[in-house]
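Worksheet: the structure to be examined is printed underneath.
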Amino acid sequence: MVYSINYRGKGMRIAILSDVHGNLEALQQVLRALEQERCDALLSLGDVVGYGPLPNECVRLIAAQASGVILGNHDDALLGRSDIRDFNSYARQALRWQTTVVDEAARAAVSAYQPFIEMAGALFVHAGPRAPMDWPYILNTYDARLHFAAMKSDLCFIGHTHQGLVFEQMPDQSITQTTTVRIELAADHRYIINVGSVGQPRDNNPDASMAVYDSAERVVEIHRVGYDVGRTQQLMRDNYLPEFLIMRLQFGH
Ligand code: ZN
């Protein structure tokens, strides 16, 4: 299914993916699951490359299907713009290998990724609404407070940490942090929602994670989709990628 932005004035259903990380098997299963969701648009929140065995194929599939694609720190590092020395050794090793296999067409597609997208009353960004290209990590309500203060909209979708999380700011400015899978957006509350990772989940659940935002119903649902982890692991072994990165897919940590 190919998505085009088909805004009908009554709101949209937007499929939101992040952190595919070269895991084609996971991406294909997620796209298959999304066929049941009647979405008008598909957004990728970044890090299509990094870690996994099939970066070219993932870049191409995202380019063919997504209505908008945001730049992540691994995408930026592939292009030689973000400093690879900020990465841990496994991430660095995988990215160095990817720079040798990513072809010109994929590189051109990645270099066109955007820093953020605003659509249907929400902001979409890879890491966080405050200084997004510094690639901040929003891990707790203390971090979230800084980002709520910097954010103009009442709703923001992020990826980057590979952990699905919902931060909700109440009218009295207090902030809660939950792992709720169905969020009914309250009119006077504000939200930063991490959709989790398609290709390398780190919340102790190996299934791919993604979200569907329905702007008319004002509901966000987080979906988990199982895929053939062993197949991705075999492709990683065939390319001598770090064993740590191979094993973590099995446990989702
Ligand atoms: Zn990532």
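Relative to the longest principal axis of the Cα atoms of the chain, the long axis of helix 229-238 makes an angle of roughly 40 degrees.
Counting only protein chain heavy atoms and rolling a 1.4 Å probe, the accessible areas of K152, K10 rank, largest first, as K152, K10.
Applying Stokes-Einstein at 37 °C and 0.692 mPa s to the Kirkwood radius of the range 45-189, computed over alpha-carbon pairs, gives a translational diffusion coefficient of 201 µm² s⁻¹. Compared with the rule-of-thumb size 2.2 N^0.38 Å for a compact globular protein, the range 11-94 has a Cα radius of gyration ratio of 1.14. Legend: translational diffusion of the range 189-253 by Stokes-Einstein, Rh = Kirkwood radius over C-alpha pairs, 25 °C, 0.890 mPa s; D = 185 µm²/s. Estimated at 0.36 nm per residue, the fully extended path between R92 and Q36 surpasses their Cα-Cα distance by 16.5 nm. Of the residues S89, S18, ranked by 1.4 Å probe accessible area with the largest first, the sequence reads S89, S18. The C-alpha atoms of the chain define a longest principal axis, and helix 55-65 lies at about 40 degrees to it. When all protein chains stay in place and ligands, DNA and RNA are ignored, the 1.4 Å accessible-area order of D228, D75, largest first, is D228, D75.
If a spin label sat at a point 7 angstrom from the Cα of S153 along the line to its beta carbon, the backbone N atoms of the range 194-218 nearer than 14 Å would be those of 194-195, 212-216, 218. Treating each Cα of the chain as an identical point scatterer and summing with the Debye formula, the log10 of I(q)/I(0) at q = 0.07, 0.09, 0.12 Å⁻¹ comes to -0.21, -0.35, -0.63. Calculate, for R130 and Q234, the FRET efficiency according to 1/(1 + (r/R0)^6) with r their C-beta to C-beta distance and R0 25 Å; round to the nearest 0.05. That pair, R130 with Q234, gives E of 0.05. Protein heavy-atom surface of the range 177-253, 1.4 angstrom probe: 47% of the accessible area is carbon and sulfur, with nucleic acids and ligands not counted. Over the chain, DSSP H runs of length four or greater, each weighted -39,500 (n - 2.57), average out per residue to a 222 nm ellipticity of -9000 deg cm²/dmol. Here L61 sits with roughly 40 square angstrom of accessible surface, probe radius 1.4 Å.
The values are calculated or read from the model by the stated rules, or taken from the named source; none is laboratory data. Values in this document were obtained by computation on a predicted structure and should not be read as measured data. Because the Cβ atoms are built from the backbone with ideal geometry, glycine has one as well, and the counts that use them run over all protein chains shown. Accessible surface areas use protein heavy atoms only, side chains included; no ligands, DNA or RNA. Shrake-Rupley method; radii C 1.70, N 1.55, O 1.52, S 1.80 Å.
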